[in-house]
């Protein structure tokens, strides 16, 4: 009788010992960036700065000196904010480092060399985004890259478009602004003769120059539309529509600016169309564009029947 009770007791003891030891066996996690020694992180950062230092300095200088791309200062700041905002979700993703990230780094360096030797600034700057993507995959894995895809893709907006593409966009915008203005001014009692991007009024001729093409407000408004959509709405379709609508809004707003200039020339003083009014009207029309973007967002929210606190 006694021995018959010892066997179950022994089984229970073994079972208890096994269950008590199993939880202590934890799978080893893959190494991630936090597991790297500090000196390796410093060396990696120093090497990246050495490779991309001149490219970054030239990029920041262009943001500062070229009004067409002054919005570039806000782009990396917003991307960093988006990544910081999603830090809790990123912390829940287990790191799965992949050596394919090293292949992306090789591609990034090849693009950098091609961009520098061919004096193609866009390629040299775009390779920085490839470098960041490669580092994320190498040390954290593809799931982290997918989680950070939006802030990484948004960084493209900080890179000025190539000059040849910029010119191909600017001239059609000049013609479009001239065409819109020449079509609206006669309805307001101003006779107009248009020749290309030149609007001939009875008082004087207005030339829609490159600076008046609206490319500056278009790029800035498109960037702000993406930021606004991300912060104010969770619906992906609404965000895409707001970003796409920034193009026609910027075109219409710029045409309105030229119409206002034509009215000022015709009914007040041609000299008033230059100087302070010309600069002030640019800021005013940009504010009007933001208001139009807001009104469009309200209309889309009503179409989707979303509650006020959905964003």
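The values are calculated or read from the model by the stated rules, or taken from the named source; none is laboratory data. Since the model is a prediction, treat every value here as computed from it, not as a measurement. Methodologically, a virtual Cβ is constructed for each residue, glycine included, from the backbone with ideal geometry; neighbour enumeration extends over all protein chains shown.
Every listed requirement among (1) surrounded by fewer than 21 Cβ atoms within 10 Å (Cβ to Cβ); (2) in the same structural domain as residue 249 (by TED's automatic domain parsing); (3) without any contact (Cβ under 8 Å) to a residue 60 or more places away in the chain; (4) outside any loop (DSSP other than H, G, I, E, B) is met by residue 180 save one, (3). For residue 173, the conditions (1) farther than 26 Å from residue 46 by Cβ; (2) at pLDDT 90 or above; (3) crowded, with 18+ Cβ neighbours inside 10 Å all hold with the exception of (2).
Go through the range 280-311 and give me each residue that's at pLDDT below 80 and either outside any helix (DSSP H, G or I) or under 24 Å from residue 215 (Cβ atoms) (or both).
First, the residues of the range 280-311 that are at pLDDT below 80: 280-285, 304-311.
Within the range 280-311, 280, 281, 282, 283, 284, 285, 305, 306, 307, 311 meet the criteria.
Taken over the range 205-214, the criterion of being surrounded by fewer than 21 Cβ atoms within 10 Å (Cβ to Cβ) and either assigned to a helix (DSSP H, G or I) or at pLDDT 75 or above (or both) is satisfied by 205, 210, 211.
Being within 16 Å of residue 108 (Cα to Cα) and in contact (Cβ under 8 Å) with a residue 60 or more places away in the chain, is that true of even one residue in the range 156-173? Please lay out each step first, then the result.
So the first thing to find is which residues in the range 156-173 are within 16 Å of residue 108 (Cα to Cα), and the list is 156, 159.
Cutting the leftovers down to in contact (Cβ under 8 Å) with a residue 60 or more places away in the chain gives us 159.
Looking for residues that are within 16 Å of residue 108 (Cα to Cα) and in contact (Cβ under 8 Å) with a residue 60 or more places away in the chain, one finds at least one in the range 156-173, hence yes.
In the range 78-90, is there at least one residue being crowded, with 19+ Cβ neighbours inside 10 Å and within 28 Å of residue 231 (Cβ to Cβ)? Yes, because at least one residue in the range 78-90 is crowded, with 19+ Cβ neighbours inside 10 Å and within 28 Å of residue 231 (Cβ to Cβ).
When you check residue 234 against the structure, is it at pLDDT 85 or above, in the same structural domain as residue 291 (by TED's automatic domain parsing), part of a loop (DSSP other than H, G, I, E, B) and under 27 Å from residue 295 (Cα atoms), yes or no? Working first, answer last.
Details: at pLDDT 85 or above: yes; in the same structural domain as residue 291 (by TED's automatic domain parsing): yes; part of a loop (DSSP other than H, G, I, E, B): yes; under 27 Å from residue 295 (Cα atoms): yes.
In short, yes.
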